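Report on one structure; see the data block that follows.
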């Protein structure tokens, strides 16, 4: 019994091989009918017939029917200064973005004064539409030579941005972030769903 448990845990048991049914055969045309002029010709001897394209799964078809709203643009970059933006994506108005390090302000817990808590891009949005929005953001900062200096992403994890509500999102940079202050431009991508 212990050997069977050990084999199951290690994945040593085998499942039966996947059975793939053969492709459907085309019905032969009656002898007195000639094939249509524009009908597909049979492949030449030795040439295999291309496999039919499978239909997309139902979930993929549903997503294709209602795509997410999307924006991706580049903008001039500034470190530790508010950058005004004028973006309206289906009722979500993006008004500004701010790149800096999170630092404890003077006078707030003097023990932690000046301590850094990560690097961020802070995005402010207002929902001017009539339905709640669920935004997702990604930013990539480039230098003047087009080299990537850092990437951050974030957005609504729980809840929505309700109509008339203004909210600020912190997009976190991690690992690659030390040269962000030397950036020249940034790309902002927004995916939006209701």
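One table, with the values for the structure above:
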quantity	calculated
Among the residues listed as 119, 156, the single one being touching a residue at least 24 places away in the same chain (Cβ under 8 Å) and in contact with a strand residue (DSSP E or B) (Cβ under 9 Å, 6 or more places away or on another chain)	119
Sole exception among (1) in a loop (DSSP other than H, G, I, E, B); (2) modelled with pLDDT under 95 for residue 163, by number	(2)
Sole exception among (1) at pLDDT below 95; (2) surrounded by fewer than 18 Cβ atoms within 10 Å (Cβ to Cβ) for residue 177, by number	(2)
Single unsatisfied condition, residue 131 versus (1) modelled with pLDDT under 95; (2) farther than 23 Å from residue 193 by Cα; (3) surrounded by fewer than 18 Cβ atoms within 10 Å (Cβ to Cβ)	(2)
Test for residue 93: is it on the phi < 0 side of the Ramachandran plot and modelled with pLDDT under 70	no
Pairs with Cβ under 9 Å, 6+ apart, first in region 124-149 and on the phi > 0 side of the Ramachandran plot and in a strand (DSSP E or B), second at pLDDT 95 or above and crowded, with 20+ Cβ neighbours inside 10 Å	none
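The values are calculated or read from the model by the stated rules, or taken from the named source; none is laboratory data. Since we're looking at a predicted model, the values are computed, not measured. In this analysis, Cβ positions are derived from the backbone assuming ideal geometry, glycine residues included, and neighbour counts consider all displayed protein chains.
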